[in-house]
Amino acid sequence: MTEPAQLITDMGRKARSAFSMLTGVSDAQKAAALTAAARHLRASQDKILAANARDMESARERDLSDSMLDRLMIDAGRLEAIAVAVDNVAGLPDPVGQRIDRSERPNGLVMERVRVPLGVIGIIYESRPNVTADAAALALRSGNAVILRGGSEAIRSNGAIHEAMVAGVVEAGLPADAIQLVQTTDRAAVGAMLKAAGLIDIIIPRGGKSLVKRVQDEARVPVLAHLDGICHTYIAKDADQEKALAIAVNAKMRRTGICGAMETLLIDQDYPAPGPLVRALLEAGCEVRGDDTVLELDERIVSAEASDWNTEYLAPILSAKMVDGVDEALAHIADHGSHHTDVIVTEDADMAENFMLRADSAIVMHNASSQFADGGQFGLGAEIGISTGRLHARGPVALEGLTTYKWVVRGTGQVRP
């Protein structure tokens with residue numbers, strides 16, 4: 001077997017060659033490749049589900065958590081959703097070549113900034129097999145070549161999905177090496193990707209804190225980080241009670257294992273109905289860990305530890321705290337949040353605008369569930385992840401986030417004096 005360092009070097013060289021070929025590919029051809037890939041995903045349903053069943057069996061033997069199992073699992077409905085996402089990306093406008101702005105200098109030079117692909121993207125991710133299709137589709141649609149390295153727990157699922165995606169790419173006449181999957185589970189392959197400067201242009205990690213920390217500590221190429229999702233919902237004193245209850249339960253319990261799930265509920269001390277709100281969460285099967293004031297609302301609530309305010313549970317567990325107004329809510333978010341998604345529920349439009357202006361989060365919401373923190377829900381077709389940093393993209397990273405720009409300058413014979 002090829003050593004991991006040599007494996008990544010070989011894959012990187014193939015990816016750079018494929019990227020060069022993609023620069024001359026038309027928008028219609030890229031769209032056709034993804035339409036074909038979606039068709040192959042559907043046609044490969046039996047193979048993909050069988051591969052996933054074997055991954056799930058192995059994951060249970062390894063005692064992976066319920067949230068990890070939920071992320072790993074594919075059924076017919078989820079596979080169709082994956083195929084639909086690929087179809088949606090095929091139908092999106094091609095960002096490559098889009099003119100960002102244009103100006104003319106006094107000397108007659110015309111300056112334009114034009115979107116171009118990033119190049120070769122390395123994506124390192126855990127658990128979610130859908131990332132294999134989403135990342136491949138977004139990378140190809142934006143003119144990039146991609147090297148995918150999924151988690152060992154999803155090795156069979158990722159392989160089956162990758163095979164279907166490549167079949168569509170080849171059918172459309174594009175290079176198979178535009179979408180490559182690291183087939184080894186050797187963790188040294190991750191280290192080799194992180195050091196592949198000159199072959200890989202950017203690394204995007206999508207996983208837990210330990211993965212992201214390793215990538216940030218070891219990478220010798222730029223990193224677009226997706227950190228944890230400690231998402232807050234603040235229920236203001238004037239919040240509509242029906243809205244507040246529906247939003248809070250959905251934000252926590254719709255799917256507890258996704259990064260947009262609410263992990264901390266902040267309730268204004270003057271909100272008139274905190275009891276029904278907390279009881280609805282308890283009755284939905286959520287463990288509530290509260291501060292001293294919240295503890296008084298129901299005997300089933302357990303006392304929160306200091307670490308709870310900094311925890312992304314990815315499980316039916318919630319920390320809850322009473323706060324004295326929007327300023328204290330914002331202070332708590334600033335101290336304990338992860339700059340992912342934070343929500344205010346209020347009927348006061350001025351308060352909502354104040355909250356959304358001051359919350360230093362990639363996504364801020366008013367009167368909506370944080371579970372909408374998803375590229376598909378934003379109309380982006382799919383997402384590579386949600387960037388919580390400030391460079392180079394923020395929030396759901398999709399087609400535009402996988403491009404940079406170059407300056408195009410047109411003259412009529414000007415020389416600089």
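The values are calculated or read from the model by the stated rules, or taken from the named source; none is laboratory data. Since this is a predicted model, take the numbers as computed values, not measurements. Note that we place each Cβ from the backbone using ideal geometry, even for glycine, and neighbour counts take in every protein chain shown. For accessibility, only protein heavy atoms count, side chains too; no ligands or nucleic acids. Shrake-Rupley method; radii C 1.70, N 1.55, O 1.52, S 1.80 Å.
Quick look at the numbers
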read-out: Enumeration of residues in the stretch 189-241 that are in contact with a Ser or Thr (Cβ under 7 Å, 6 or more places away or on another chain) and open to solvent by 40 Å² or more (accessible area, probe 1.4 Å); value: 227, 238
read-out: Single unsatisfied condition, residue 353 versus (1) of a type outside the set (Phe, Trp, Tyr); (2) touching a strand residue (DSSP E or B) at 6+ places or on another chain (Cβ under 7 Å); (3) part of a helix (DSSP H, G or I); value: (2)
read-out: Boolean, residue 28 is within 20 Å of residue 164 (Cβ to Cβ), modelled with pLDDT of 95 or more and not charged (D, E, K, R); value: no
read-out: The one condition in (1) touching a Ser or Thr at 6+ places or on another chain (Cβ under 9 Å); (2) among the hydrophobic types (A, V, I, L, M, F, W, C); (3) open to solvent by 30 Å² or more (accessible area, probe 1.4 Å) that residue 165 fails to fulfil; value: (3)
read-out: Close pairs (8 angstrom Cβ cut-off, 6 or more residues apart or separate chains): among the hydrophobic types (A, V, I, L, M, F, W, C) in the stretch 283-312, open to solvent by 70 Å² or more (accessible area, probe 1.4 Å) and in a helix (DSSP H, G or I) anywhere; value: 297/279; 309/335
read-out: Verdict on residue 355 being aromatic (Phe, Trp, Tyr), crowded, with 23+ Cβ neighbours inside 10 Å and either within 30 Å of residue 88 (Cα to Cα) or in contact (Cβ under 8 Å) with a residue 40 or more places away in the chain (or both); value: yes
read-out: Count of the stretch 317-347 residues which are in a loop (DSSP other than H, G, I, E, B), open to solvent by 60 Å² or more (accessible area, probe 1.4 Å) and either closer than 18 Å to residue 248 by Cβ or without any contact (Cβ under 8 Å) to a residue 12 or more places away in the chain (or both); value: 1
read-out: Residue in the stretch 406-417 that is nearest to residue 382 (Cα to Cα), counting only those that are open to solvent by 100 Å² or more (accessible area, probe 1.4 Å) and of a type outside the set (A, V, I, L, M); value: 406
read-out: Single residue of the stretch 1-28 satisfying the filter (closer than 18 Å to residue 119 by Cα and among the polar types (S, T, N, Q)) that is least open to solvent (accessible area, probe 1.4 Å); value: 9
read-out: Sole residue being closer than 27 Å to residue 69 by Cβ, under 22 Å from the mean Cα position of the chain (by Cα) and not aliphatic (A, V, I, L, M), chosen from 151, 119; value: 151
read-out: Subset of the stretch 358-367 (residues that are open to solvent by 30 Å² or more (accessible area, probe 1.4 Å) and either assigned to a loop (DSSP other than H, G, I, E, B) or free of Cβ contacts under 8 Å to residues at least 24 places away in the same chain (or both)); value: 360, 364, 366, 367
read-out: Verdict on residue 294 being over 14 Å from residue 345 (Cβ atoms) and either among the polar types (S, T, N, Q) or not in a loop (DSSP other than H, G, I, E, B) (or both); value: yes
read-out: Of residues in the stretch 376-405 being part of a strand (DSSP E or B) and without any contact (Cβ under 8 Å) to a residue 40 or more places away in the chain, the one most open to solvent (accessible area, probe 1.4 Å); value: 396
read-out: Filtered residues of the stretch 137-171 (kept if of a type outside the set (A, V, I, L, M) and under 20 Å from residue 94 (Cβ atoms)); value: 141, 142, 143, 144, 168, 171
read-out: Hey, residue 313 among the aromatic types (Phe, Trp, Tyr) and part of a strand (DSSP E or B) or not; value: no
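To keep it simple, each residue is scored yes or no on (1) among the hydrophobic types (A, V, I, L, M, F, W, C); (2) in contact with a helix residue (DSSP H, G or I) (Cβ under 7 Å, 6 or more places away or on another chain); (3) more than 27 Å from residue 282 (Cβ to Cβ).
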| site | (1), (2), (3) |
| --- | --- |
| 316 | no, yes, no |
| 322 | yes, yes, no |
| 326 | yes, yes, no |
| 333 | yes, no, no |
| 343 | yes, yes, no |
| 356 | yes, no, yes |
| 367 | no, yes, no |
